[in-house]
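J.: Dropping the structure in here first, questions after.
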Amino acid sequence: MPNFQMERLKNNGFFRVLNREITRITHSKVYLFLLLVGPMLSFLLVMNIFVAGVPSHLPVAVVDEDFSALSRQLTRMVDATRMADVTERVSSLQDGRESMLSGHAEAVLYIPDEFEKTVLKGEGAQIQLYINNTNVLVGGLLKSTIYRVMATYSTGVKLQVAMKQGLPVEQALGQVHAVQMDGHVLFNPYTNYAYFLVTALMPLLVVLFTLLGAIFAIGMEIREGTSPEWLKQADNSLLVALAGKLLPYVFLMLVNVAVMHFIMTQHLGFPLRGYWGAIMLSQLLMILAYQMVAVMLLAMTANTRLSLSLGSAYSMMALTFSGLTFPVSGMPMVSQMLAQLFPFYHWMEVFMGQGMRGEPLLQTIQPMAFLLLFVMAGFLFFPRLNRVLADTRFQHRC
Amino acid sequence: MVDATEEMKVTQSVGSLVAAEQLFFEGQVGGVLLIPAGFEKKVMSGQQASVSVYSDAGYFLVYKQTLTGAMQSIGTFSGGVEVRRLMAKGATPEQAVEKRDPIALNSVMLFNPAGGYNSFIIPGLIMVILQQTLLIGIGLLGGTDKERGRFRFAVPQTLTKGGVIPVVVGKAGAYFVLYTVNIVITQLWVYHWFNLPDKATLLPALALMVPFLLAVIFLGMALSTFFSRREHSILFVVFLSPIALFLSGLSWPASAIPQWLHGAAHVLPSTVMVPAWLRVRTMGAELHHVGDAFCFLTLQAMVYFVLAVGLYWWVGKGKKGRKGRKGKGGRASRVDGIIGQ
């Protein structure tokens, strides 16, 4: 009986192609790199870049012309924050500018002469802060940090004055701070940057390797002229041929995805508030969608190199529309429409919704449907790909 | 007041936090402002009142905008209340303002005052794109040559001493000339289209750009000797692009990257180039401000030149030996024959 079953397997086109593909993969270092080494290596790099979570110890230069007890205390308070490090004490604003241009300082804090005197007299002292806002992220962080330091410092001074005037603590607080803001940071309580950068970058790398891997796998058949033999193995059914060919890739990419999720949830402490199953299902759909994009590209160009170039550009552009650098809802209408053209965007919707926000499952139906649409669209290109595969004109072409 | 800020727009007023949560999940609102019961009473009786802001930090820009908007409007509101209370006690308006804010902090956001996203990301991005396309392009050419067995063609005089150097320099010259065109496009036209800040003077810009291009070209040529197929250069270089971007400290500050990784990233010319280029282009730094970067890039160009020459020589020699033994005929030897004549 087992023998009979083995025979049947051998006669099945799907298993013949599958077998052929596994041999191809195991006999080439390039496939090994594309499918396992590359993704893992890039995960490792990305993970380590953002290991700190939040930037810290940004260099700040201080110009202290007063050099009093109060100004020194202020400098110490700035230095004590996690974000800022007072790395330099320069003598003039000109020197501060120099060190900013040389890249040694990201901000210059200027404490003028007679600072202490004006504070004690209650005349309203002025402090200047110059921030290098070339990098918006660093500039914003430094600004909010130093503002917080100033507020703390200033409130302390006010509170003492108010209490010395004989007000009880509660009234004094009301006097110095009439309305307090009680901020609730949802879903990312530590305002961890790694959360939002890694969540876009790692899946993007998965997309990149999926797309390039699929183009390379199919494209090599065209370039080396082995496509007729490949189709023959699959009993001349393109569907069977593709299924058998791409199954190992789907499987290996899922292994990578599993590692990615392991890193995100276990190592980086990424939350998973919704349904694991929904994320995984959309992940599978996304991989299939990008493989179908590979089919479309190859069918249209019939050229492996061109498809690879287009494919890498296409997958990179998806980052723009992931909504993590700039929210899609804030983009112009045309860009919002464009975003729909990237399976990555739809996957991100599911992933952020389920992983971070714990949205109700109902919200995932629409993006999932879009992903499915991409997979379906691939089938429209089957006839054209069939012609490309059979046509010897396209073989051995550069 | 919240509605009047640039960052936010009050679109809905709902009865409870639960209803607000519903709206939030439907994606209709990006943040929720909760004004608790008894707010006015507390303000009027001189106690400290509080307002809650719920913002979505899953999307960082949304979070930043809602928080900034809320902070500004609540701060202004609170300031108004405090000043009025002081004035009620008989202080003059000036005194009240000074008392409320004994230390004023004037912050000046330099070089990118509007916090524009364009001028923040594009200048550095262009550099990374130039580097990566150059690496891929040179790799493609090298791979194609190898595929056709033409790598010997690239190195015709390997056996004479120093014969590789003219070949490497000549090829690099061709790439260099081609990329000066790209530089004109990216550095002049793109800057013009996007209205990017440009404070650079010619000397420091050239001092950075020339060694940078040379370093990338020689690195690309050294790498191209490893690609045996044209497609390989795309496969091996593309995935590095987003990583190179972040390693350059463009959006993620370099001080937050682990030391060993940032050190290793110096293999790529962009790691040194991008921050130095931003200082020159966006901030208007002079030559002496970017002296370190210039020295490093020049050194890098020289090291990669030596590497490229060495690898070309090695590959040329190896090919010759193997060719002779295996006697792989066909196109390759035909080409060799033509060159020989």
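The values are calculated or read from the model by the stated rules, or taken from the named source; none is laboratory data. Fair warning: this is a prediction, and the values are worked out from it, not measured in the lab. Quick reminder, even Gly has a Cβ in these numbers, built from the backbone with ideal geometry, and neighbours come from all protein chains shown. For accessibility, only protein heavy atoms count, side chains too; no ligands or nucleic acids. Shrake-Rupley method; radii C 1.70, N 1.55, O 1.52, S 1.80 Å.
J.: Rounded to the nearest 100 Å², what's the accessible area chains B and A bury against each other, both chains counted, probe 1.4 Å? Each step should come with its number before you reach the end.
T.: Numbers: alone 20800 and 21440 Å², together 33580 Å².
The buried area between B and A, both sides summed, comes to about 8700 Å².
J.: Please report, in debye to the nearest 20, how large the charge dipole of the protein assembly as shown is about its Cα centre when each Lys and Arg carries +1 at its beta carbon and each Asp and Glu carries -1 there.
T.: Working: 57 positive and 42 negative charges, 796 e Å.
About 3820 debye.
J.: How long is the gain from A:Phe379 to A:Phe262 if the chain were fully straight, where each residue apart is worth 0.36 nm and the alpha carbon distance is subtracted?
T.: Details: separation 117, 0.36 × 117 = 42.12 nm, distance 3.30 nm.
Answer, rounded to one decimal: 38.8 nm.
J.: Do you know the relative contact order of chain A, to the nearest whole percent, from alpha carbon pairs under 8 angstrom that are 6+ apart? All intermediate terms of the calculation are to be shown ahead of the outcome.
T.: Working: 485 pairs, mean separation 74.0, N = 398.
For chain A, the relative contact order is 19 percent.
J.: Under a 5 Å amide H to amide H cut-off, with H placed in plane at 1.01 Å, what residues pair with B:Leu110 once short-range neighbours are removed?
T.: The answer is A:Ile131, A:Asn132, A:Asn133.
J.: Between A:Leu141, A:Leu109, A:Leu372, whose Cα lies farthest towards the positive end of the dipole of chain A when Lys and Arg beta carbons carry +1 and Asp and Glu beta carbons carry -1, centred on the Cα centre?
T.: A:Leu372
J.: Taking 50 Å² as the minimum loss, tell me which residues in the range B:33-56 lose that much accessible area going from the chain by itself to the full protein complex (1.4 Å probe).
T.: Relative to the lone chain, where solvent access is computed with a 1.4 Å probe, the range B:33-56 loses at least 50 Å² at B:Gln48, B:Tyr54.
J.: Can I ask one more? Nearest 5 is fine: what % of DSSP beta bridges in the protein assembly as shown come out antiparallel, could you say?
T.: If we restrict to bridges inside the protein assembly as shown, about 25 percent are antiparallel.
J.: Which trypsin sites (Lys or Arg not before Pro) in the range A:36-144 pass both tests, a DSSP loop state and at most 15 other beta-carbon atoms within 10 Å?
T.: Values: sites: A:Arg72, A:Arg76, A:Arg82, A:Arg89, A:Arg97, A:Lys117, A:Lys121, A:Lys143; in loops: A:Arg82.
Passing both the DSSP loop test and the Cβ count: A:Arg82.
J.: For peptide B:67-74, how many partner chain Cβ atoms fall within 10 Å of a residue's Cβ, on average? Could you put the intermediate results ahead of the total?
T.: Details: counts 5, 3, 0, 2, 4, 0, 1, 6.
For this peptide, the per-residue mean of nearby foreign Cβ atoms is 3.
J.: Then there is this: Would you mind finding the longest exposed-site-free stretch of chain A, with exposed GluC sites (Glu not before Pro) meaning DSSP loop and at most 15 other Cβ atoms within 10 Å? Don't jump to the answer; show the numbers that get you there.
T.: Values: sites that count: A:Glu65, A:Glu114, A:Glu123.
Of all site-free stretches, the longest is A:124-398.
J.: Provide a list, ordered by number, of residues in the range A:208-228 showing at least 50 Å² less accessible area with every protein chain present than when their chain is taken on its own, using a 1.4 Å probe.
T.: Residues of the range A:208-228 that lose at least 50 Å² of accessible area once the other chains are added: A:Arg223.
J.: What's the average, rounded to a whole number, of partner chain beta-carbon atoms within 10 Å of each residue's beta-carbon in A:298-306? Mind showing how you got there, number by number?
T.: On the way: counts 0, 0, 0, 0, 0, 0, 4, 8, 0.
Shielding by partners across A:298-306 averages 1.
J.: Per-residue Cβ counts within 10 Å, from other chains only, averaged over A:138-147: what number is that? Write down the numbers at each step before the final one.
T.: Values: counts 7, 8, 4, 1, 2, 5, 4, 0, 2, 4.
Across A:138-147, the average partner-chain Cβ count within 10 Å equals 4.
J.: Would you mind checking which residues have amide H under 5 Å from B:Leu34's amide H? H placed 1.01 Å from N; only 5 or more apart, or other chain.
T.: B:Ser52, B:Val53, B:Tyr54
J.: Follow-up question, since we're still on this one. Would you rank B:Phe294, B:Phe246 by solvent-accessible area, highest first, keeping every protein chain in place and using a 1.4 Å probe? Don't jump to the answer; show the numbers that get you there.
T.: Details: B:Phe294 80, B:Phe246 15 Å².
Largest accessible area first, the list is B:Phe294, B:Phe246.
J.: Find the accessible area per residue for the protein assembly as shown; the probe is 1.4 Å, ligands and nucleic acids are left out, and the unit is Å².
T.: Working: 33580 Å² over 739 residues.
With the other protein chains kept in place, the protein assembly as shown gives 45 Å² per residue.
J.: Can you tell me which of B:77-89, B:9-21 comes out highest on packing, and rank the rest after it, using the mean Cβ neighbours within 10 Å?
T.: Values: B:77-89: 16.5, B:9-21: 11.5.
Peptide ranking by packing, descending: B:77-89, B:9-21.
J.: Classify the range B:17-100 from the C-alpha gyration tensor, please: rounded if a/c falls under 1.5, else prolate or oblate depending on whether a/b exceeds b/c.
T.: Oblate, since a/c reaches 1.5 and b/c is not below a/b.
J.: Then there is this: How much of the accessible area of the protein assembly as shown, probe 1.4 Å, is carbon plus sulfur, in whole percent? Mind showing how you got there, number by number?
T.: Numbers: 21430 of 33580 Å².
Answer for the protein assembly as shown is 64 percent, counting heavy atoms of protein chains only.
J.: Which far-off residues, 5 or more places away or on another chain, put their amide H under 5 Å from the one on A:Asp85, with H placed in the peptide plane?
T.: Amide H to amide H, under 5 Å and 5 or more residues apart or across chains, A:Asp85 pairs with A:Leu58, A:Val60.
J.: Here's a follow-up. So in chain A, what percent of DSSP beta bridges are antiparallel if you round to the nearest 5? Each step should come with its number before you reach the end.
T.: Working: 4 of 15 bridges.
Here the share of antiparallel DSSP bridges comes out near 25 percent.
J.: Moving on to the next point. For the protein assembly as shown, what does the alpha-carbon gyration tensor say about shape, rounded, prolate or oblate, given a ≥ b ≥ c as the root eigenvalues, a/c under 1.5 as rounded, and a/b over b/c as prolate?
T.: Working: a/c = 3.12, a/b = 1.60, b/c = 1.95.
Oblate is the answer for the protein assembly as shown, as a/c is 1.5 or above yet b/c matches or exceeds a/b.
J.: Over what distance in Å are the Cα centres of the range B:205-227 and the range A:12-79 separated?
T.: Measuring centre to centre over Cα atoms gives 24 Å.
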